[in-house]
Every structure is written in C-alpha cells, then in structure tokens.
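Note sheet for the following structure.
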Amino acid sequence: MSHSALSRLLPMSALAVAGCLALGAAPAQAAAKPALGSTGTARVFEVNPVQSTGNEGLTDQNDSASAVPSSAYATVQLRNLDGSGTLTGRWVKVESATGTPATSSTNTFVYDRSQDQFEQVMAYFWVNQAQEYIQSLGFGSTLPGVNDQQQAVKVDQYGGDNSYETDKPFRIRYGKGGVDDAEDAEVIDHEYGHAVQNAQVPGFGTSEEAGAIGEAFGDYLGVTVGLAADAQYGWAHKTPAACVADWDSTSYTSTVPHCLRRLDTNKTVADKDGEVHDDGEIWSRALWDIRNGYVKNGLTTARADTTIIDAQFSFAPDTSFSAAAKATYLTAGSRDGAKAASTVKAAFAARGITF
Ligand SMILES: [Ca+2]
Ligand SMILES: [Ca+2]
Ligand SMILES: [Ca+2]
Ligand SMILES: [Ca+2]
Ligand SMILES: [Zn+2]
C-alpha cells in the first residue's frame, strides 16, 4: 500500500490509493541475509537541521551546501553493512538513486546535502536506526520481529514533493521535491512506519480509518525514533517534540514552527474530513497522549512504544478506529496493567474514539 508523506499532492495520493487497492500479497522476504557486522562512518543530519539548530529560518536554497550550517551534521557509525562498500546491509538496501551511488572501500560515507550520496546515506542510517530501535523494544527477540528484513529504498528518483511505500514490490521511494525528502529523518521513518505496519498486517489500510492510522503511526514512528536517537547520541532538540518534518516542511509551510503535521492537535472524530493524513492527526494525538500518560504513570516511553507496536499485530487490514483502540487497550492491560489500560482508554476517549 502506498502512501504519501505529504498530503498536498493529490495526483500522487490518487495513484497511491490505486496501488493500495491492488494489494494483497505479504511483504516479500529478503532472498538472503547479507553478511553482517560491517560498520562504517557517515555524516548525517541530527534528525533534521531545523530541529537540531532551532533555526526556523533555514531554507532549501536549491539544495545548496551552504544553506545548512555544519553544526546540523553529526558523524555517526553506519551499522550492519554487508561489507560490499555499497549502502547494503542487514536491514536496508539502497537500490538505486539519482546521480552517483555512494560507494567506499573503507565504508566511509561523508557527504554534504548538495551531494546525491547524502540522501542515500540518510536513508540507510535512519531506516537502520528505526529497526535497531524497534529491536531494542524486544521485537525479534522476546516478541515477534517487526519488518526485520532488508528494506529496499530508492532515493531521489521521484521528482515530486512526496514519498511513498509500496507492497508490490515491497519498497520505499523518497522524492526530491523542495527539500529532498531523505534530508529529514522524520520523513524517512514515516515511510518506514508504513513498511512496519504492512509487515505486521499484510495489506493494512484498506479502510479510511485504517489509512489514517497508517499515516498517524508513520508520523509517530518518525518522531519517537528521532527522540530516541537524540537521547542515544546526545543531540539537541530545539523545536516542539510533536512537530513532524520540521525541515522538509519549510518548502511548503509559511507558519512557524514549520511542521508537516503535529502529534498534539486537538482534533477529534468530529473533525474527520475523509483524507487519511488529515484524519491521522486524530489517531496520532491519542498515541502521543498514551506516551505521555505512561511517563506520568512512571512507565517509560519505550514501554508505551512497545505496547503501541505490539497491539498493531492484531489490527484488521480494514480496522476501524474503535476496533484498533480496543486492541491497543487490551494489549496495554495485559502488558502494562490496569492503570496503563485506563490511560489508553482515556487517550482515545478524548479523541471521541470509544469501544
Ligand atoms: Ca540534498
Ligand atoms: Ca530538492
Ligand atoms: Ca520534500
Ligand atoms: Ca520533529
Ligand atoms: Zn504516509
């Protein structure tokens, strides 16, 4: 099922829905697991440059290197590479990209944003980072794996300001309109969120409410993976935590802070307009309240995320908000206890979602 990261482009959305209706197959398994364990060095954005610098005045300037200060970059490990010198690894394979493919016999992938290879490196790093985060919650060890396969990505080959994920073939494509989509980790991991849900529930998203849940979870995953990375690497976070795609959205929003969408709007089911990205903000606010409610109860955000993801295994492909909320409530009760379950119930009730 494909989805747009950016709801503004209706033609792409229409295409995406057409692809969505043609679905049915389970995600393809990787043919073979590459050799593991090779670690490289790379330069990436600390999630995105607006978020890490707090400078809402940054603009794309036609992909120029000088548009973003060097302080927005971090030097990081590129983990789980297969040692081939390309951006191929256990959890990610950069299949193709516009311009020069990144290769290095020493696994050194250091570029700036004006170079085609930069987005390739960002896509590799942030998909790997998301899978590592999901595994840190226990998925693939104490819990079933969640999309623990090699994710194919294509980078910068779609000219529109949009990105999408498809079941057939099982692949993510990142666009290059405006700020290149793969310059913003929250866009990268939004799309990975669709891959995660499709891996958990093949064909997920055949009803409008299920589609909205897909958009919401993508937004939430992008934010939570970024927040976990901030903590892991000690990066600054100077924009509202609930703001999604602070950097990509500078191309098409004029209000500050620049956000594609937010996790903390006051939308309820009374605000539904039938557009999945818009309606996703109803669901993502509930997820945000569950997260913060867990912390108030003395539980960790990782625990909230574990329950949010674990519950998704039991969602029907065409689930309603109500049925998915109930599944999340039941998972919270069995994993985290009665108090957590009532936090979940209240978070959904505040959005007008009852069961
Ligand atoms: Ca770029
Ligand atoms: Ca661009
Ligand atoms: Ca863009
Ligand atoms: Ca953000
Ligand atoms: Zn999406």
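The values are calculated or read from the model by the stated rules, or taken from the named source; none is laboratory data. Predicted, not measured: the structure shown is a model, and the values here were computed from it. As a convention, Cβ positions derive from the backbone with ideal geometry for all residues, glycine included, and neighbour counts pool all protein chains shown.
Pairs meeting the criteria (first residue in segment 316-328 and assigned to a helix (DSSP H, G or I), second residue surrounded by fewer than 17 Cβ atoms within 10 Å (Cβ to Cβ), beta carbons under 6 Å, at least 6 apart or on different chains) are S322/F355; A325/F355; K326/F355; A327/S314. Out of K176, K154, one residue alone is within 16 Å of W91 (Cα to Cα) and within 16 Å of ligand 3 (Cβ to nearest atom). It is K154. Which residues, taken from segment 166-175, are surrounded by fewer than 24 Cβ atoms within 10 Å (Cβ to Cβ) and under 25 Å from S64 (Cα atoms)? R173 - this is the single residue of segment 166-175 that is surrounded by fewer than 24 Cβ atoms within 10 Å (Cβ to Cβ) and under 25 Å from S64 (Cα atoms).
The residues listed here are Y252, Y233; of these, the one that is surrounded by fewer than 18 Cβ atoms within 10 Å (Cβ to Cβ), touching a residue at least 24 places away in the same chain (Cβ under 8 Å) and within 16 Å of ligand 5 (Cβ to nearest atom) is Y252.
Scanning segment 308-330 for residues that are more than 21 Å from G352 (Cβ to Cβ) and over 17 Å from the mean Cα position of the chain (by Cα) yields F313, S314, P317.
Say whether the condition of being of a type outside the set (F, W, Y), at pLDDT below 95 and outside the structural domain of T255 (by TED's automatic domain parsing) is met by at least one residue in segment 48-56.
no
Considering segment 139-174, the residues that are touching a residue at least 60 places away in the same chain (Cβ under 8 Å) and within 13 Å of ligand 5 (Cβ to nearest atom) include one that is farthest from V223 (Cα to Cα), namely T166.
Just a yes or no: is a residue in segment 192-204 hydroxyl-bearing (S, T, Y) and in a helix (DSSP H, G or I)?
Initial filter on segment 192-204 (hydroxyl-bearing (S, T, Y)): 192.
Keeping just the survivors that are in a helix (DSSP H, G or I) gives 192.
Looking for residues that are hydroxyl-bearing (S, T, Y) and in a helix (DSSP H, G or I), one finds at least one in segment 192-204, hence yes.
Residues considered: G293, G280, G274. Of these, the only one that is outside any helix (DSSP H, G or I) and of a type outside the set (D, E) is G274.
You will find that of D180, D219, D189, the residue that is away from ligand 5 (no atom under 16 Å from the Cβ) and crowded, with 24+ Cβ neighbours inside 10 Å is D180 and no other.
Within segment 111-124, residues that are closer than 9 Å to D156 by Cβ have Cβ atoms under 7 Å from residues that are polar (S, T, N, Q) and more than 13 Å from ligand 3 (Cβ to nearest atom) in these pairs: D116/T98; D116/T100, counting only partners at least 6 apart in sequence or on another chain. Can you find even one residue in segment 259-272 that is of a type in the set (K, R), buried (at least 23 other Cβ atoms within 10 Å of the Cβ) and within 16 Å of the chain's Cα centre (by Cα)? Yes, segment 259-272 has at least one match. For segment 98-115, give me each residue that is assigned to a strand (DSSP E or B) and either more than 16 Å from ligand 1 (Cβ to nearest atom) or farther than 20 Å from V68 by Cβ (or both). T103, T108, listed by residue number.
Take G298 and decide whether it is more than 21 Å from the chain's Cα centre (by Cα) and part of a loop (DSSP other than H, G, I, E, B).
Working: more than 21 Å from the chain's Cα centre (by Cα): yes; part of a loop (DSSP other than H, G, I, E, B): yes.
Yes.
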